[in-house]
Each structure stands twice: as structure tokens, then as C-alpha cells.
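All of the numbers you see were taken from the coordinates with simple rules; none came from a lab. Quick caveat, the model's predicted, so the values are computed rather than measured. When we count neighbours, we look across all protein chains shown, and the Cβ atoms used for this are built from the backbone with ideal geometry, even at glycine.
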């Protein structure tokens, strides 16, 4: 009777193991998909995607769109191979589908690269938790939350980030040549984002093993930068002249650290404090414990990279006002710290928690800082986490326990404030109205990452328990159900068509009436001008973001904004908070704009005092009065 029992037991156990693995894998993947759908809903051709779309379209219509004020005097398009690739995809499937496809694949590439890096430095459990957190959080960095690691629109930034993360994984694995190739490829796509990878590799191979030599080289570099600024040179290798600098600072104040708010510094402090705690809590690279030596190295090189970027910005941009370094924007190396700190947070937190009262205090304060995310409270709790690592272990046991209670209280306050804020749906009404209301409501609950991270912890905790199969299966069912419920609206967002072939066909007669290369003024609808008409836009706020990359373009945009002073103040175009000309200015303003003689063609839903060249009914265009194309030379008295 013993033999059959011994033969069947392994089969039952093996079946249970397989069921458990399938359950937690299904639960994790469906959690990631549901979190991605809610936290990063696609926004179409939006934000900087408009400029990258212009650059791609200019490769398809060079005789017309290359004359756009954003491109004709020089732009960042000269430093990327992304535009021809994007143009080729547009030629195949159109603007809307090309933007969605590239955004989707670049987001997936970023998360796969992050998973590769996380797995290189930690066990599967910690890597899965880190990836869960990275997928959930918005990943904002820099001032005003303008930029994020994961962007819901098409840019080459995510492609460069993915290549950099893979390059760092290769470097930590000892494959130096592969890491150089990957970071070089990132530089060809987006030099600004790839610069963080270059700096990180320099930290790995120079600053960490030879700190004195690195310090000497940094000191020499500062001396050279000061000498370059004192030489009085202008242009890309010198300093800004006062006029150009004024335009750049008004349009993009976030380029200079002196303009950052306390909210911005709080957002920065959280990943920096996490990495700093990681360098102290994780084991030394000389320790051969699996993963943790590499994890500490990754934390240290990321910390040095973001610190170096901030110091370089302070010296070269804020103080010396050097053009090239301001265009390079070394403060944006923070994206690496944001991504890496999220990936390492579970490993750092769990390691700290095992290190007695001091470690528990640090872990609790770090958790509070991540929940606060930005502002004064985030800054204070993040700084407290670093201080706790250094000081609490030196206190008496009773004193240390009181500090731990205080840290747990801060964590509890952070949770209560976050829950209260989420229940108010603070992001519901400020989010893109094209996103379904219920997704915006769910997003306002999970956007900080706390809920998805807690679910991921529950999945992995149950998966390690012999009797946790049912719990994991239940979570798998719930997360899969969430994915199914999100699928229709998510598909609708990703398949949206703002510029359908039918709409583009309706504008074909208009394109025939406007000679190639002629500027068109379509109030704050530059993207529509480029996509529907294949013509340059006279002026809009999105175009004035290019004042940083060309002095000639900056001065021309300033001249155009001043020329339109009879319509709106010039600062409406040249100031970050200006807002542009707006939609549908009064007829008198538009007619005065035409009378300036600055542009030949004007498009508006407002009816002017002379007959339009062409019209579209309101059934075709969303404005209540339809849309009309006017030639300024046809106005009475012209």
C-alpha cells in the first residue's frame, strides 16, 4: 500500500505547483495590464507629440513644411533619426495609427527594459514588485510635472530611455561593448535622454572605482566652462545674449533651477533619498551576495548621475548661461533616478526593514515620502529617511522606538491624506476629457501606485504560501476581470482617429488653394495646419517651445508675436503661462491680424466681413458655425 501512495504524491504536489505558478503569473500580468491601461491612458497626438509629428511630416512634405518657423532656422530634428522612422510609419498607416503604434511599442519596450534591469540586480520577487510600482506611478520628473518617464503620446524619449536601461543592465553584467552600443543607439534617437546613460556609464567605470580622478576631472571641467563663458563667445558654444536668454526663460523657465518651486524640489528629493538610502542599506559591491552588490552599484551610479546633472545645470545653465548645456538640459537626467528608484524601492525597503529599529524607521519614512510624492511633506519625509539611516542606530533603544512610532505615524498620515485625496477624484476633472470618466476616476485612485503595489505584494505573498493557491486564483480572477472591463475603452483610446482619411479628403480642395510653403494662421491649431493642410503654421504656443534650439527662430517668433499684438499681447505666445491666441477670437481681432500682412491665409469658425475661399459645414467640423478659409488679400480695402 505504500508504493502507490509514494507514486501519486509527487503528481499531486506537481499539479499544485503548476497551478500556483500559472495563477500568480496570470495575476501579475493582468495586474500590470490593468494598471497600465488606467495609469497611462493614450492621449493621441498631444503635447510634444505634435512637434515630432511636424518633424516627421516635413520628411514627407519637405517643400512645404520645412518652411515652418519651428523648423526652418534649425531644431532638434537635426539630432535624431526618429523622424524618418516616424515618417515611414505615417506613410503606411496615417498619422493617428502611426502615433498610437509607436507609442504602444515604445511603452512596452521601456517596461521590458526596466524589467531586464531590475532582474539584473534583484530576485524575481523584488523585480516584479519594482516593475509593478514603475508601471503604476506617473513617473514625473523636473519642474511642473511637464515630463514623465512613461509618456502617453509619441516621442523618441521612451525609445532612448529603454536603450539606456538595457545598456546599464549590460554594463552591470560585464558586457561593456554591448552597453556602449546600446547607449550610442539611444544617443541617435534622443541625445538629451541618452546623456543620462553616458553619465551613468562614466560613473560606473570612472567615478565609482576612481573617485579622486573623477573629482579632479570635474574640477577641471568647471574651470574650462568658466573660461568658455568669460571668453564672451555667443552662439551654440558660448553664452546666451540677453534677448535670446529672456525669450528662453520666459517660454521655458523650468530649464533653470532658480525657477523651481518647493513642489518640484519635493518631487526630486523622493527618488534621490531612495537612492541614497540604497547606497547605505544595500550590500557593498565587494560582497558577492546575489543581486545586492549590483543593486547598490546601480543605486550609486544613478545617484551620482542625477547629482551631477543638477550641479552641471546649476553651473553651466543658471550661472554661466551656456547655450549648449542649456539645450542639453542635464537636469533631465532625473528620469533615470526616477525609474531606477522605483525599481529598487521594494529591495531597499525590505532590506531596511530587516535592519532593526533604524531600518524600520527608514523604510516607513521612505514609504511616506513615496505616497506624498511631491511638495513639502515629501521633501521632509524623504530627508527624514536619510537622517534616520544615519542617526537612529546611535540612539538609545527607548529613544529609537519613539522615533519609529513617529515614522509609522507619518506613514499613516500619508496614507490617510492619499486616500482622502483619491476619494475626491482630484484628477478627474483636469484629465483629458476624451478619456472615459470612469477610467479617470479609477486613475485618480491608483495613480500614486499604492493600490497596485499593495495588490502585487498580496499576489507574491500568497504565491509563497502552500495554501495560498485559492487567494492567488481569486486575485487573478479579479485582475483579469479588470482587464476585460478596461479593454473596450482602452481600445477606443488607442484606436482613436483625429485625422481620418475622410476628413483629410475634405481638406484636399483647401490644399489646392494654398501654395506650398505659405504660412497659415489657424488659432492654436498648428497640428491641424500641418496634418490637414500640409502647410506651415504662422505662430502658436507649441511652436514657440523651439526658442531654445535656434536664436534665429526665437527672434522670428518674437517678431511674429509682436506683429500680432493687435490681436493678443505678445506674451500670450512667448510666455509659458500665456495660453496662445485661444480659440475663435472676435471678428475684429482676426481682421486686424489679416491687415498686418504677416500671413496670406487665415482659417476660423468666425465669419469675417468678406467672402471665404472655401468652407466646411458644421457637420464636418466641430465648431457650431463650421469652418472657413480666408485669403487676407481679399479683405475690403486691401
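Let me check against my output: what whole-number percent is the relative contact order of the chain, with C-alpha pairs under 8 Å and at least 6 apart?
That works out to 19 percent.
Please report the orientation-averaged projected area of the stretch 105-219, defined via the convex hull of its C-alpha atoms, in nm².
Spelled out: convex hull of the Cα atoms, projected over all directions, averaged, 8.2 nm².
Can you sort 507, 110 by how many other beta carbons sit within 10 Å, fewest first?
507, 110
Among the DSSP beta bridges whose two residues both lie in the chain, what percent are antiparallel, rounded to the nearest 5?
65
Kirkwood Rh, the stretch 292-410, all Cα pairs: how many Å?
15.7
Multiply the residue separation of residue 112 and residue 319 by 0.36 nm, subtract the distance between their alpha-carbon atoms, and state the gained length in nm to one decimal.
70.6 nm
Restricting to Cα pairs below 8 Å that are 6+ residues apart, what does the relative contact order work out to for the stretch 397-541? Please round to a whole percent.
12
Please report the Cα spread of the stretch 501-634 along all three principal axes, rounded to whole Å, starting with the longest.
39, 31, 26
Arranged from highest to lowest average of other beta-carbon atoms within 10 Å per residue, in what order do the peptides 376-389, 458-471, 59-72 appear?
376-389, 59-72, 458-471
By counting other Cβ atoms within 10 Å of each Cβ, how are 527, 134 ranked from fewest to most? Intermediate results must be reported in sequence, preceding the final value.
Details: 527 24, 134 27.
By the 10 Å Cβ count, ascending: 527, 134.
Can you give the helix-only mean residue ellipticity at 222 nm for the chain, where every DSSP H stretch with n ≥ 4 adds -39500 (n - 2.57) and the sum goes over all residues, rounded to the nearest 500 deg cm²/dmol?
Taken over the chain, the calculation gives -20500 deg cm²/dmol.
Can you sort 635, 418 by how many other beta carbons sit within 10 Å, fewest first?
635, 418
Take every DSSP beta bridge whose two residues both sit in the stretch 501-634, then give the antiparallel share in percent to the nearest 5.
Percent antiparallel among DSSP bridges in the stretch 501-634 is about 65.
Based on C-alpha coordinates, I'd like the Rg and Dmax of the stretch 433-554, in Å.
When restricted to Cα atoms, the stretch 433-554 yields Rg and Dmax of 24.2, 74 Å.
Evaluate the chain: find the radius of gyration of its Cα atoms, find its Kirkwood radius, and give the ratio Rg to Rh.
Reported Rg/Rh, Kirkwood definition of Rh: 1.02.
In Å and from the alpha-carbon atoms only, list the Rg and Dmax of the stretch 190-342.
When restricted to Cα atoms, the stretch 190-342 yields Rg and Dmax of 16.9, 57 Å.
Compute for the stretch 159-238: radius of gyration divided by Kirkwood radius, i.e. Rg/Rh, restricted to C-alpha atoms, rounded to two decimals.
That ratio is 1.09, to two decimals.
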